[in-house]
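Engineer: The structure follows.
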Amino acid sequence: MNDFKHISVLLNEVLDFFKDSKGTIVDATLGLGGHSLALLEQNKDVDIIGIDKDVEAINIAKDRLSKFESRVKIINSSFSDGIKQVLLERNVVGILADIGISSYQVDNLDRGFSFYSDNLDMRMDKHSLLTAKMVVNSYSKEELHRIFIEYGEIKNPIPITKAILDYRKKSTINSAKELSFLIESNSKINSKIHPATLVFQAIRIEVNDELGELRRFLKNIENLNNVKVAIISFHSLEDKIVKEVFKYWSRSCICNFDVIKCVCGNNHKKGDIVNKKPIIPSQNEININKRSRSAKMRCFKFYG
Ligand SMILES: C[S@@+](CC[C@H](N)C(=O)[O-])C[C@H]1O[C@@H](n2cnc3c(N)ncnc32)[C@H](O)[C@@H]1O
């Protein structure tokens, strides 16, 4: 049905984390179904609810998971909304989220995530309203600065923003190709990565509201009991959110740090952080799959 490949990151580590789980595991970022397939194969007592906002990815995953049809349910939704529906319906024992984009989305030039694409789209959900083309061609100087600084962590976005605004006076920026060339010609970023990488990251995060999605998702699962959660992220902004939320969940006292005496009741601990430091791919995995190199997995266990 398709030739797209996506190598699931930290697969052995995910399997190991869920090896004793029996019941429903939510794969909140189903993608092409790689993690789900391996979880279903590993343990016959596991069933999967997969969520993804990308219909194309879902169609591929459905095909790959077809032999486990009776143990799989798929929901086409954002994970922040989808998880609410799942938790109303099922008693869940595990949650996995491998957030970000899949190789399928990057490699499929129509989707406009790649530097070489003739489109400028970057939507994971093709029905959502905001596209990369709208961001690049209609955002004000201040809005572009904000996303480049906040989401791209670019210290000095002025040359890039200026180049975009100057270009816009003459013509619309129609493709990712045009945009990456423009950035390459005007960037003062001196690094080993392609100069457009951080700008594309910033636009993608804005288009898909990636950090808002993650925050809402974590909020919606914060009161679970006896559930194991594993979150794999690919950049520091997401990892920081996961790290801070897990830390908060593991605190018994949730008073502000400046209060002299605890007033919260000191009974708020929801569970344990499983690994103090994030789990990262081995050198062997990075050699096989270069895209795994920035992955970090953090795990949490809610008490029963
Ligand atoms: C890295 S891929 C997952 C790959 C999958 N674990 C596998 O092994 O095949 C991430 C997937 O999550 C989806 N995704 C990212 N953010 C999402 C969100 N907020 N809601 C729903 N799906 C999301 C993307 O569309 C993409 O298909």
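Engineer: Once you wrap a convex hull around the alpha carbon atoms of the stretch 137-204, what is its projected area averaged over all directions, in nm²?
Structural biologist: The Cα convex hull of the stretch 137-204, projected and averaged over all directions, gives 4.1 nm².
Engineer: Moving to a separate point now. Could you work out the longest stretch of the chain that avoids the trypsin sites (Lys or Arg not before Pro) located in DSSP loops with at most 14 other Cβ atoms within 10 Å?
Structural biologist: Longest site-free region, per DSSP loop and neighbour criteria: 193-250.
Engineer: Between Lys261 and Ser128, what is the spin-label point distance in nm, taking each point 7 Å from the Cα along the Cα→C-beta axis?
Structural biologist: A separation of 4.8 nm, rounded to one decimal place.
Engineer: Determine which aspartates and glutamates satisfy two conditions relative to Lys177: a Cα distance under 13 Å, and not lying fewer than 8 residues away in the same chain.
Structural biologist: Filter leaves Asp110, Asp118, Asp121.
Engineer: Now, a different point. Compare Ile279, Ile149, Ile193 in a GNM of the chain, Cα atoms joined below 10 Å, and give the one with the largest fluctuation.
Structural biologist: Looking only at Ile279, Ile149, Ile193, the biggest GNM fluctuation is shown by Ile193.
Engineer: Now for a different question. On the Cα set of the chain, report Rg and Dmax in Å, please.
Structural biologist: Cα radius of gyration and Dmax of the chain are 20.5, 63 Å respectively.
Engineer: Same structure, new question: Using the crude model of +1 on Lys and Arg Cβ and -1 on Asp and Glu Cβ, and no other charge, please compute the dipole size for the chain relative to its Cα centre, in debye to 20. Please report the intermediate quantities before stating the final value.
Structural biologist: Values: 46 positive and 39 negative charges, 162 e Å.
My answer is approximately 780 debye.
Engineer: Now for a different question. Among DSSP beta bridges lying fully in the chain, give the percent that are antiparallel, nearest 5.
Structural biologist: Roughly 35 percent of the beta bridges in the chain run antiparallel, per DSSP.
Engineer: How high is the relative contact order of the chain, in percent, with contacts defined as C-alpha pairs under 8 Å that are six or more residues apart?
Structural biologist: Here the relative contact order equals 16 percent.
Engineer: Given DSSP loops and a limit of at most 10 other Cβ atoms within 10 Å, what is the longest stretch of the chain that contains no such chymotrypsin sites (Phe, Trp or Tyr not before Pro)?
Structural biologist: Answer from the scan: 117-256.
Every read-out reported here was derived from the displayed coordinates using simple, explicitly stated rules and does not represent laboratory data. Keep in mind the model is a prediction, meaning the values are calculated, not measured. Glycine also receives a Cβ, built like all others from the backbone with ideal geometry; neighbour counts cover every protein chain displayed.
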